[in-house]
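Read through the structure below, which is laid out as structure tokens, and then see the notes.
The values are calculated or read from the model by the stated rules, or taken from the named source; none is laboratory data. None of the values given here were measured: they were computed from a predicted structure. Glycine gets a Cβ as well: all are built from the backbone with ideal geometry, and neighbour counts include every protein chain shown.
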């Protein structure tokens, strides 16, 4: 007779599937499509690039302020309630966004969208994955992140809807879809495997082996508290490296479509196809991360990704032909996909599970400062110079500098 423990699907993988769906929805309707929305709004209202970049700043500022509170809340009470509330706020924000006719109204509606995406998005989902997986942590986070990558491939559909039905109808329908599809997925998420009668990774060690292991091995190092993590160089170097990575990612997300439209003469639909190619490469990078992320040094892989980010953005900046744009999409997409799952897996490897939510929340203050800076740096310099060359070059150099932080982010000494 088969052992049911060996045939039952580990509940953690059902959570990964739900997180995949939530990430797909958020990426396709917001994170990866924001460039298309901004291009349309700029065309209709004539708002400046800097003013439109303010939407991204609002989103990241809310994330920085909420991060430590979210981390503490999830560590103490679990993520499911927060994610359900976040999904409802996220969808409601889209409905409000469809009614704006002035810049202050746009900022107010986008603040609601940002609040919902923060409460129901990547941050609490990642903490959930970290708590349910250890040996296969990078694989679980990579699979969840595939949803984000595939969401980017849906950007041409969003762009087609914007041009066919108008941006107001598209945004309102998106809000309805978020609530109807997102709430059932959110209810799948659970706090820790121990609360469900499961164990991390779904693998129970035989009792005899456990006893032998305890007799023959040194005491296991304990997890770091948030206070102890803050005292390690690794916390700061990983946070700075992650923040510098998001400078380039956020700048590309907000401004790439407008740059291609203005500098290369692309239509919004054609520029969206470039984003889809980038996302396809991001998808490939995530698969690569799932295959090698738990085998090789995560900080060295992350440092290499930063150099790819830099080279890719320089190709986009000085693109004079389609092959250069394709080169950007390949390099930037691969680097993004490979690097993203490694960020939180590295923190969990270094500091353990016990306080990982608060540790990630504190780190998010530094990380999101970088994410806010990217669109502003590119937008302000573009408004001042008339194009994106100087701004994108600055961001690319910062990405290259970020590789140094990952090289310095060596694992901290274990706690006794």
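Kindly evaluate residue 172 against the criterion of being within 20 Å of residue 131 (Cα to Cα) and at pLDDT 85 or above.
Details: within 20 Å of residue 131 (Cα to Cα): no; at pLDDT 85 or above: yes.
Spelling it out, it is not the case that residue 172 is within 20 Å of residue 131 (Cα to Cα) and at pLDDT 85 or above.
Any residue in the range 371-392 that is in contact with a helix residue (DSSP H, G or I) (Cβ under 8 Å, 6 or more places away or on another chain), in a helix (DSSP H, G or I), modelled with pLDDT of 90 or more and within 28 Å of residue 130 (Cβ to Cβ)?
no
So that you can scan it fast, the table gives a plain yes or no per residue for (1) over 14 Å from residue 361 (Cβ atoms); (2) out of contact with any strand residue (DSSP E or B) (no Cβ under 9 Å at 6 or more places or on another chain); (3) surrounded by fewer than 18 Cβ atoms within 10 Å (Cβ to Cβ); (4) modelled with pLDDT of 85 or more:
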| residue | (1), (2), (3), (4) |
| --- | --- |
| 58 | yes, yes, no, no |
| 66 | no, yes, no, no |
| 69 | no, yes, yes, no |
| 76 | no, yes, yes, no |
| 86 | yes, yes, no, yes |
| 97 | yes, yes, no, yes |
| 104 | yes, yes, yes, yes |
| 119 | no, yes, no, yes |
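Yes or no: residue 360 in contact (Cβ under 8 Å) with a residue 60 or more places away in the chain, closer than 30 Å to residue 194 by Cα, under 15 Å from the mean Cα position of the chain (by Cα) and in a helix (DSSP H, G or I)?
yes
How many residues does the range 281-298 contain that are crowded, with 17+ Cβ neighbours inside 10 Å and in a helix (DSSP H, G or I)? If you could, list the steps in order and put the result at the bottom.
To start, the set of residues in the range 281-298 that are crowded, with 17+ Cβ neighbours inside 10 Å comprises 281-283, 285-286, 289-290, 293-294, 298.
Next cut, in a helix (DSSP H, G or I) only: 281-283, 285-286, 289-290, 298.
So the answer is 8.
Taking the range 308-323 as the search range and keeping residues that are in a loop (DSSP other than H, G, I, E, B) and touching a helix residue (DSSP H, G or I) at 6+ places or on another chain (Cβ under 8 Å), which one is nearest to residue 400 (Cα to Cα)?
Of everything passing the filter in the range 308-323, 318 is nearest to residue 400 (Cα to Cα).
Show the residue pairs meeting these rules: Cβ distance below 7 Å; 6+ apart or different chains; first residue within the range 178-203 and on the phi > 0 side of the Ramachandran plot and in contact (Cβ under 8 Å) with a residue 12 or more places away in the chain; second residue surrounded by fewer than 16 Cβ atoms within 10 Å (Cβ to Cβ) and not in a helix (DSSP H, G or I).
The qualifying pairs are 201/135.
So which residues in the range 242-280 are free of Cβ contacts under 8 Å to residues at least 12 places away in the same chain and either part of a helix (DSSP H, G or I) or touching a strand residue (DSSP E or B) at 6+ places or on another chain (Cβ under 6 Å) (or both), if there are any at all?
Result: 270, single match.
Looking at the structure I just gave you, is residue 228 over 22 Å from residue 298 (Cα atoms) and surrounded by fewer than 20 Cβ atoms within 10 Å (Cβ to Cβ)?
For residue 228, the condition - over 22 Å from residue 298 (Cα atoms) and surrounded by fewer than 20 Cβ atoms within 10 Å (Cβ to Cβ) - is not met.
Based on what the data block shows, is residue 335 buried (at least 21 other Cβ atoms within 10 Å of the Cβ), more than 22 Å from residue 241 (Cβ to Cβ) and at pLDDT 90 or above?
It is false that residue 335 is buried (at least 21 other Cβ atoms within 10 Å of the Cβ), more than 22 Å from residue 241 (Cβ to Cβ) and at pLDDT 90 or above.
Residue by residue through the range 97-115, note down the ones that are free of Cβ contacts under 8 Å to residues at least 60 places away in the same chain and part of a helix (DSSP H, G or I). Spell out the reasoning first.
Going residue by residue through the range 97-115, those that are free of Cβ contacts under 8 Å to residues at least 60 places away in the same chain are 100-105, 107-112, 114-115.
Hits for the range 97-115 are 103, 104, 105, 107, 108, 109, 110, 111, 112, 114, 115.
Identify, by number, the condition in (1) in contact (Cβ under 8 Å) with a residue 12 or more places away in the chain; (2) touching a helix residue (DSSP H, G or I) at 6+ places or on another chain (Cβ under 6 Å); (3) farther than 18 Å from residue 292 by Cβ; (4) assigned to a helix (DSSP H, G or I) that residue 326 doesn't meet.
Condition not satisfied by residue 326: (2).
Which one of these does residue 412 not meet: (1) touching a residue at least 12 places away in the same chain (Cβ under 8 Å); (2) in a loop (DSSP other than H, G, I, E, B); (3) over 17 Å from residue 240 (Cα atoms)?
The failed condition is (3).
Filter the range 150-177 down to residues that are touching a residue at least 24 places away in the same chain (Cβ under 8 Å) and not in a helix (DSSP H, G or I) and give me whichever is nearest to residue 97 (Cα to Cα).
Among those residues, the one meeting the criterion is 154.
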